Structure formats: structure tokens, C-alpha cells
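Here is the structure we will look at.
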Amino acid sequence: MDAHQHGPLAGFTIGVTAVRRADELGALLQRRGGAVVHAPALRIVRPADDTELLSATKELIDRVPDVVVATTAIGFRGWIGAAEGWGHGEELLSCLRGVELLARGPEVKGAVRAVGLTETWSAGSESMAEVLDRLLGEGVEGRRIALQLHGEPVPGFVEALRAGGADVVVVPVHRWIPPEDLAPVDRLIDATVARALDAVTFTSAPAAASFLSRAGERGRLPELLAALHHDVLAACVGPVTALPLQARGIDTVHPDRFRLGPLVQLLCTELPGRARTLPVAGHRVEVRGHAVLVDGDLRPVPPAGMALLHALTRRPGWVVSRADLLRALPGSGRDEHAVESAMARLRSALGAPKLIHTVVKRGYRLALDPSAESTWRPRG
């Protein structure tokens, strides 16, 4: 099978930590050939069940603010819907009709208008930074500002308003807390540590923080950080999402437009760009996460075979001993026959047995083309 028939992510495994729109992100990745492992790093407290949201809503109805900032369409709709369920819908809408109502972008503006309200202003860039600049430019001293949130506040936003003298009321729509079932996220952490994933995607800063926090609770944070530092790509939907990872020294990537589609397109460029391509025995061999492209044909390889292949490609053309290959095999014990069995399956999976040479009494080597020997020969 040609890799292009399966898309640019063929042969790669990608972790998805999202709660909202996880199915959409997973489908986009799979459509481009990727294998997906999903484990929500958080769960959302539904607005109708949230006593904190009810308390904030009553507070605003009793003491109407000067400004309301609507930050997400789903959050704004959830807030109005929850208020209606509690019997406070009309009171909340009346409250919002009399205030300066700021919308973070066109989607939010649409949600505002759908309930019969009209925004005072909408951010053209869809960024909270533009909203903050507008508020601070107007002056916030002595003003009461309600901030509708979806999850955690943008770092520094509330602090900047309070430093300017504003009275800020946070409206916590869709609060995020750890998932009830921690087993999936634990498996995702373990897969990252084991380098069984090629990338992990993050669509919110709280999800990234929760992922790291759970690894710390299990005593696996140093191993997780090591994997994300060197082998597993951390792909974020935007720079704010990346902050908890960057605070731990993790290099991240994010698209210019903070959307799921551009995030997937970024992975379609980044992951193939990180794959190792070698000229071996007259073939072009590209080693991906759980598969190999041999002259453009996609060849799925079992985990043990991929472990051997990665060990061979670290020193292409050089002999790797059976003992070293045995150490590379996951959970194989001390029997070097395990190497021979895994090697036989690897050669079969590759469909070109001559790609790997057996060196009698020494080990195995990739049959690197003679013209490439000097290019790939290790120094020192």
C-alpha cells in the first residue's frame, strides 16, 4: 500500500487529551492516516450542576456589573441555559441587556445574538489580549467586570484588571476537574514514557497542566518530561495552551491559527519531518512510529520489530550486537533467541529481507548503500 493513500500521518500514533471536540480531532487525525489514543485529561462540570456558577449568577443579578466579557460561544450558551434551568433566565438576560457586553470573536458574537442580546464590541483577532487592551484603554478603575470563563482564566487577564482597579467577578462556566476514571490518562502517560506515541496533542492549558500533575502523582513526571524533551512531540493548539509545558522546559509546536484543522496540518508536516529516511539495499526506507515506508509502501511493524529497527538506525550500517538488541526489546528477559524471533518477524513485515544483514557471531546491521556509508558513519 502506498503511504499517500493513507495520508501523511500513516505510521504515526498520536495521543489526544481533549475533552471537548475530541471526536472531531481524532477523526481529522485518522482521516490523514494516524492512529489515535484518546484519554481525556480533564472532565467538565456541567453548568446546570455547578453551585459556583449559580452563586456567581445570583450575585450579578443582585448587583449588575458595568461590563460583561463573553469568552466562548459554548460557555455563554451554557450559562444562559443553566440560568433558565434554575428559573433565573429572564433575570440574567435583563441584567445583560443593560451592560457593556464584549464578545471575544464572531462565534461568541453569534451566541450573544442568538439569545436576543447585542454585543457592544467584538474582538477582530478573537484574542483575549485584544479584549484586555480594549478594557484597559477605556479605564477599569472602579468598574465591576464580569468575566465568563470556559475552564481556567487566561494567565494575567484577571490580575491586570484588578491591578487597574477593577472589581472582577469570575463566572466559571464549564469548570474542569480531573476525570473520574484515571485509568485512560494513566495509560496515555505510560505510552508517552514508553515512546509508544509520536506526539501528544493539547487543546487547553488546564489539560496540559492536569496531564503533568497526574504524572507527578504517580511518580512518573521525570520520565514523562524526558520523553517529551527528546522523543514525543508536544503539539498545542495555541501558545496559551503550551504554557504549562513550557514552564517545565518542554519545547512545543503550535499552528499560527489556533484551530483544530491547522493543528492537524502542523502534525502532518512535523511528524514526517522527524522520521528517519535511509538508503538501504537499493531501497528508500523511512522509519516512522509503528510502521516503515519501503519505497513508499506502508509496512506495519510489530512493537518488538520497531524496537530492533530503531536500535539499528541509531548506528546505520554498523553492527549492533545481539546483547544490545536484546536490551532494546521490551520485556524480553535474557534469551537472545528472542532477538532472532523478533528479527524474523521484522524482516517479514518489511517485505525485503535483504534490508538487514546477519553478521555471523556478532549481530545484525542495516545494509546501508555503499554511497551513503560515509554520510552515516558515526564520528569518534
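The values are calculated or read from the model by the stated rules, or taken from the named source; none is laboratory data. Note that the coordinates shown come from a computational prediction; the quantities given were computed from them, not determined experimentally. Reconstructed Cβ throughout: ideal geometry from the backbone, glycine too, with neighbour counts over all protein chains shown. Each accessible area value is taken on the protein alone, full model and side chains, heavy atoms only, with ligands, DNA and RNA left out. Shrake-Rupley method; radii C 1.70, N 1.55, O 1.52, S 1.80 Å.
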Principal axis dimensions, the range 87-130 - Cα atoms, whole angstrom, descending
34, 17, 15
Would you list which lysines come within 29 Å of Lys109, measuring only between C-alpha atoms, while excluding same-chain residues fewer than 8 positions from it?
Lys58
So what's Rg/Rh here for the range 55-137, counting alpha carbon atoms and using the Kirkwood radius for Rh?
0.96
Only four residue types carry charge here, +1 at the Cβ of Lys and Arg and -1 at the Cβ of Asp and Glu. Report the dipole size of the chain about the Cα centre in Debye, rounded to the nearest 20.
1920
What accessible area per residue, rounded to a whole number of Å², is obtained for the range 168-288 using a probe radius of 1.4 Å?
42
Top mean-square fluctuation among Glu223, Glu286, Glu84, Gaussian network model of the chain, C-alpha springs under 10 Å?
Glu84
For Arg97 paired with Ala194, estimate the spin-label separation in nm (one decimal), with each label point 7 Å from Cα along the Cα-to-Cβ line.
6.0
Express the carbon and sulfur contribution to the solvent-accessible surface of the chain as a percent, rounded to the nearest whole number, probe 1.4 angstrom.
50
Magnitude of the Cβ-charge dipole of the range 1-94, K/R +1 and D/E -1, about the Cα centre, nearest 20 debye?
500
Could you tell me which of Leu308, Ala291, Trp318 has its Cα farthest along the dipole of the range 231-380 towards the positive end, charges placed at Cβ (Lys, Arg +1; Asp, Glu -1), taken about the Cα centre?
Trp318
Quick check: with the 1.4 Å probe, what order do Val67, Val359 take by accessible area, largest first?
Val359, Val67
Reach of Lys354 by Cα under 18 Å, taken over aspartates and glutamates that are not fewer than 8 positions away in the same chain
Glu286, Asp295, Asp297, Glu340, Asp369, Glu373
In nm², the average projected area of the convex hull spanned by the Cα atoms of the range 269-318 is 3.5
In Å and whole numbers, how far do the C-alpha atoms of the chain stretch along each principal axis, longest first?
85, 38, 36
The range 289-331, dipole about Cα centre (Lys/Arg Cβ +1, Asp/Glu Cβ -1), debye to the nearest 20
220
The answer for trypsin sites (Lys or Arg not before Pro) in the range 26-121 that fall in a DSSP coil and have at most 15 neighbouring Cβ atoms within 10 Å is Arg63
C-alpha center-to-center spacing [the range 302-358, the range 115-135] in angstrom:
58
How large is the Rg to Rh ratio of the range 1-150 when both quantities use alpha carbon positions and Rh follows Kirkwood?
1.12
What's the center-to-center distance, using Cα atoms, between the range 71-99 and the range 185-239 in Å?
36
Ranking Gly87, His38, Phe12 by how far each Cα lies towards the positive end of the charge dipole of the range 1-123 (+1 on Lys and Arg Cβ, -1 on Asp and Glu Cβ), the top one is Phe12
